[in-house]
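Here the structure comes first, spelled out in structure tokens, and everything after it is commentary.
The values are calculated or read from the model by the stated rules, or taken from the named source; none is laboratory data. Remember, it's a predicted structure, so these values are computed and weren't measured experimentally. Here the Cβ positions follow ideal geometry from the backbone for every residue, glycine too, while neighbour counts run over all protein chains shown.
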Amino acid sequence: MKKFAAGIAFASILSTAAYAATTSMSASPSESWTVTNYYKQSVYDPKESKIGDVDDVLVNKQGQVTGLVIGVGGFLGAGEKDVIVPFTAVKTQKKNDKWWLTLDETKDNLKSAPGFSYDKASTAWVPEKK
């Protein structure tokens, strides 16, 4: 019986230690932005013409944002093409108390870029088949 009680106590300590390792933060990390600053936001070219909207935010296994999937072209979602741009290529600027996402590309340039589609089976964006 002592071994059984000791085993339960040891398992309790292990599970408590594992749980304690996942404590919450007491403050938001400095210089951090939320994904909502990008996800579903419009992207504009340098002349302030709308290029498209951010359809997805790509994050690597280290938790770093690496790319943005931007839907370009089409009308009301029909005929839209998803392209991927490096996260570092998208700039932010504040205008009229609103953050704007800008890209040094035109809509036409992105329309001619390789397209991607989301594959639910692999949970990844894959090149479109031609």
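Brief remarks follow.
- Among the residues of the range 76-112, the one identified as among the polar types (S, T, N, Q), closer than 16 Å to Val57 by Cβ and not in a strand (DSSP E or B) is Thr88.
- Entry remark, the range 104-130: residues being surrounded by 15 or more Cβ atoms within 10 Å (Cβ to Cβ), in contact (Cβ under 8 Å) with a residue 60 or more places away in the chain and touching a strand residue (DSSP E or B) at 6+ places or on another chain (Cβ under 6 Å) number 2 in total.
- Of the residues making up the range 42-59, those that are within 26 Å of Thr123 (Cα to Cα) and of a type in the set (D, E, K, R) are Asp53, Asp55, Asp56.
- Pair list, Cβ < 7 Å and 6+ apart or interchain, from the range 87-103 residues that are closer than 19 Å to Val72 by Cβ and in contact (Cβ under 8 Å) with a residue 40 or more places away in the chain to residues that are among the basic types (Lys, Arg) and exposed (fewer than 15 other Cβ atoms within 10 Å of the Cβ): Thr102/Lys91
- Residue-level check: of (1) under 20 Å from Lys47 (Cα atoms); (2) at pLDDT below 90, Thr92 misses just (2).
- Test result for Ser32, within 16 Å of Leu103 (Cβ to Cβ) and polar (S, T, N, Q): no
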